[in-house]
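Colleague: First the structure, then my questions, so here it is.
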Amino acid sequence: MKDHEVPQDDSILGEHKRAVYATDAHGRYVVVPSRGWEVEKVVNAQAIDEIRRHIETVRQQALRGEASPLAYHMARCQMTPSLLAANAGVWRWRVQRHLDPRRFARLDRASLQRYADVLGMTVEALGQVPEHT
């Protein structure tokens, strides 16, 4: 893309700009500020909608007792079992087991605190799933 063709559409960046690479009149790569691109705005909106749908699905599963509150809070924070395990200092298979509501209900306070710390919440909040979003 040529430096004068870099899109300057409204985007999720608002008034901020980001650097993109383009070629100048001599064919050299240069850094050009861009406000965004309409296509990028649409794709990001679709991705956000998909994330919200996933969170709502997991929330409903947790409310029905098919998943633990931990599963909901992981989805809300966009974490995978591997990511949560790495940050909490536990094995991934243990996190995976704690997504089961029966096993989650038997966790000791120290394990709950470890998850709560990583998720940035209290132990009490970790055990709750909101009725409405």
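Colleague: Where does the stretch 67-133 land on Rg/Rh, using Cα atoms and the Kirkwood Rh? Walk me through the numbers before you get to the answer.
Modeller: Values: Rg = 10.6 Å, Rh = 11.6 Å.
Reported Rg/Rh, Kirkwood definition of Rh: 0.91.
Colleague: Report for the chain the percent antiparallel among DSSP-assigned beta bridges with both residues inside it, nearest 5.
Modeller: Working: 6 of 8 bridges.
Just about 75 percent of them are antiparallel.
Colleague: Per residue of the chain, what 222 nm ellipticity follows from adding -39500 (n - 2.57) for every DSSP H run with n ≥ 4, rounded to the nearest 500? Present the calculation step by step, with values, prior to reporting the outcome.
Modeller: Values: 7 runs with 69 residues, N = 133.
Result for the chain: -15000 deg cm²/dmol, rounded to the nearest 500.
Colleague: With θ set to phi - 60°, apply the Karplus curve 6.51 cos²θ - 1.76 cosθ + 1.60 along the stretch 29-44 and write out the HN-Hα couplings as whole Hz, x wherever there is a Gly or Pro.
Modeller: Per residue, the Karplus-derived 3J(HN,Hα) values read 6, 9, 8, 10, x, 9, 7, x, 9, 4, 4, 4, 4, 5, 5, 5 Hz.
Colleague: What is the packing order of peptides 94-100, 123-129, taking the mean over residues of other C-beta atoms within 10 Å and listing the highest first? Don't skip to the end; give the middle numbers.
Modeller: On the way: 94-100: 18.0, 123-129: 15.6.
Listed from highest to lowest mean packing, they are 94-100, 123-129.
Colleague: Separate question: Which value does Rg/Rh take for the chain over its C-alpha atoms, Rh per Kirkwood? Intermediate values should be presented prior to the final figure.
Modeller: Details: Rg = 21.2 Å, Rh = 17.6 Å.
Checking Rg against Rh, the ratio lands at 1.20.
Colleague: A follow-up question, please. What does the net charge come to around Asn87 if you take all other residues with beta carbon closer than 10 Å to its beta carbon, with K and R at +1 and D and E at -1?
Modeller: Numbers: positive: Arg114; negative: Asp117.
Residues close to Asn87 contribute a combined charge of 0.
Colleague: Testing the spin-label approximation: label points 7 Å from Cα along Cα→Cβ at Glu5 and Val30. State their distance in nm.
Modeller: Distance between the two pseudo-spin positions: 1.6 nm.
Colleague: Right, something else. Need one number for the stretch 1-48: average projected area of the convex hull over its C-alpha atoms, nm².
Modeller: Working: hull surface 13.2 nm².
Mean projected area for the stretch 1-48: 3.3 nm², to one decimal.
Colleague: Per residue, how much accessible area does the chain have with a 1.4 Å probe, in Å²? The partial results should precede the final answer.
Modeller: Values: 8870 Å² over 133 residues.
I get 67 Å² per residue for this part.
The values are calculated or read from the model by the stated rules, or taken from the named source; none is laboratory data. Note that the structure is predicted; figures quoted are calculated from it, not measured. Quick reminder, even Gly has a Cβ in these numbers, built from the backbone with ideal geometry, and neighbours come from all protein chains shown. Heavy atoms of the whole protein, side chains included, go into the accessibility calculation; ligands, DNA and RNA do not. Shrake-Rupley method; radii C 1.70, N 1.55, O 1.52, S 1.80 Å.
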